Amino acid sequence: MSRALKHDIPGADRRIGEGDVRAKGWAAIFGDDADAARPLVVEIGFGRGEFLIDLALAAPATPHVGVEYSTKRVLKMARRLARAAVANVRLLDCTGEIVVHDLLAPASVQEFWINFPDPWPKKRHHRRRLLQPEMVRALAERLVASGSLHVATDHEGYADAIDAALAGEPLLENAFAPAPFLRDVPGRRATAYEVEWRAEGRPMHFWHYRRCAA
Ligand SMILES: C[S@@+](CC[C@H](N)C(=O)[O-])C[C@H]1O[C@@H](n2cnc3c(N)ncnc32)[C@H](O)[C@@H]1O
């Protein structure tokens, strides 16, 4: 992180590096800003960040982690957090894959939120999609018992693949059963992308799966 970027935050800088997590662990990283005994809430691909800020404000004692591989978006979100004085969030400028596989311990997460992950519509790019069966297994393993995995997409082709991966994971059970997914979730806040895509009439798909008790 350059000095210019570092100093361009109007308050506390909530960005952390992968090395910080490896060296200190999550409890030390949050310190007094959240209750270290509570499992984490993690949003992967937070985009403009409004959804994560609302989650964090609604549960001020819970440690929240935002993961986003656009450095520009992480910087903008760091500014928003500083302006809003939200203390219980930390931001990681890296991929969801790295965070899930390397930085989160088994049974350490209460909720994962993955809202409108990039669909990579071309067949030759499908392997770049975040949600693959191996990733769904890794996410499930990191959830505490009854912890939640929330996923949303507007893309029909990706929806079929996501639905198959979630339904095929034995560590998870569908909280929306018997429906495979919902088109609308009452009370759910719309993300920035969702607002744009709903205006275009794109079809919404929302999943909520829970980690089965061991
Ligand atoms: C389509 S946007 C959705 C943003 C936001 N969740 C929303 O619904 O408004 C996808 C976001 O995920 C980020 N992203 C895509 N793949 C990622 C990955 N593997 N790890 C972390 N972030 C990722 C992109 O940079 C982008 O900000």
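Just so it is clear, none of the values below were taken in a lab; they were calculated from the coordinates. Since we're looking at a predicted model, the values are computed, not measured. FYI the Cβ positions are ideal-geometry reconstructions off the backbone, even for glycines, and counts take in every protein chain you see.
Along each principal axis, taking the top coordinate minus the bottom one, the Cα set of the stretch 74-148 gives 41, 33, 19 Å in descending order. Stokes-Einstein diffusion for the chain, with the hydrodynamic radius set to the Kirkwood value over Cα pairs and evaluated at 37 °C in a medium of 0.692 mPa s, equals 186 µm²/s. Put simply, when 189-197, 83-91 are sorted by average Cβ atoms within 10 angstrom per residue, most first, you get 83-91, 189-197.
Classify the stretch 1-79 as rounded, prolate or oblate from the Cα gyration tensor: take a ≥ b ≥ c as the square roots of its eigenvalues, call it rounded if a/c is under 1.5, otherwise prolate when a/b beats b/c and oblate if not. Judged from the Cα gyration tensor, the stretch 1-79 comes out oblate (a/c at least 1.5, b/c at or above a/b). Note that the stretch 156-214 carries a Kirkwood radius of 12.7 Å, evaluated over its alpha carbons pair by pair.
Amide hydrogen proximity for Val89: with H placed 1.01 Å from N in the peptide plane, the residues at 5 or more positions away or on another chain lying under 5 Å are His64. Please give the calculated 222 nm ellipticity per residue for the chain, where each DSSP H segment of at least 4 residues contributes -39500 (n - 2.57) and the sum is spread over every residue; nearest 500 deg cm²/dmol? Rounded to the nearest 500, the figure is -9000 deg cm²/dmol. 3J(HN,Hα) along the stretch 147-155: x, 10, 10, 10, 9, 9, 8, 10, 9 Hz, from the Karplus curve 6.51 cos²θ - 1.76 cosθ + 1.60 with θ = phi - 60°, whole Hz, x for Gly and Pro.
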